[in-house]
Amino acid sequence: MIVFNVSDMTCGHCVGGITKALQGVDPKASVTVELSTHRVEIRDASISAEAFAQAIRDEGYTPLQQTAS
């Protein structure tokens, strides 16, 4: 599992944009975005965490990779 904290994600529009961007990078990955905790979880990914981080940055947000718990 890959986990990011995206503290500048503030609304449902943000969640939708990030979700769409991540699914565009890896359509088979399972993406969960929790607005209240600013947590983005990606499961069953076939590409690198950096590629997902870049997709989040391309949407205009700042991802901070976390250790999965």
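If I go through the range 1-15 residue by residue, how many of them are without any contact (Cβ under 8 Å) to a residue 40 or more places away in the chain, of a type outside the set (A, V, I, L, M, F, W, C) and surrounded by 12 or more Cβ atoms within 10 Å (Cβ to Cβ)?
1
Scan the range 4-19 for residues that are within 15 Å of Ala51 (Cβ to Cβ) and either of a type in the set (A, V, I, L, M) or out of contact with any strand residue (DSSP E or B) (no Cβ under 6 Å at 6 or more places or on another chain) (or both) and report the count.
1
Does the range 37-69 hold any residues that are more than 16 Å from Met1 (Cα to Cα) and charged (D, E, K, R), and which are they?
Answer for the range 37-69, where residues must be more than 16 Å from Met1 (Cα to Cα) and charged (D, E, K, R): Arg57, Asp58, Glu59.
Looking at (1) touching a strand residue (DSSP E or B) at 6+ places or on another chain (Cβ under 8 Å); (2) on the phi > 0 side of the Ramachandran plot, which one does Gly60 not meet, given that it meets all the others?
(1)
Working only within the range 18-49, note down all residues that are part of a helix (DSSP H, G or I) and surrounded by fewer than 18 Cβ atoms within 10 Å (Cβ to Cβ).
Listed by number, the residues that qualify are Thr19, Lys20, Gln23, Gly24, Ala49.
Search the range 38-52 for residues that are touching a residue at least 40 places away in the same chain (Cβ under 8 Å) and at negative phi and pair each with any residue that is in a loop (DSSP other than H, G, I, E, B) and of a type outside the set (A, V, I, L, M, F, W, C) when their beta-carbon atoms are under 8 Å apart and the residues are at least 6 apart or on different chains.
Correct list of pairs: Ile42/Asp26; Ala45/Asp26; Phe52/Asp26; Phe52/Pro63.
No value in this document is a laboratory result; all are computed from the given coordinates. Fair warning: this is a prediction, and the values are worked out from it, not measured in the lab. Neighbour counts are summed over all protein chains in view; Cβ atoms, including those assigned to glycine, are modelled from backbone coordinates with ideal geometry.
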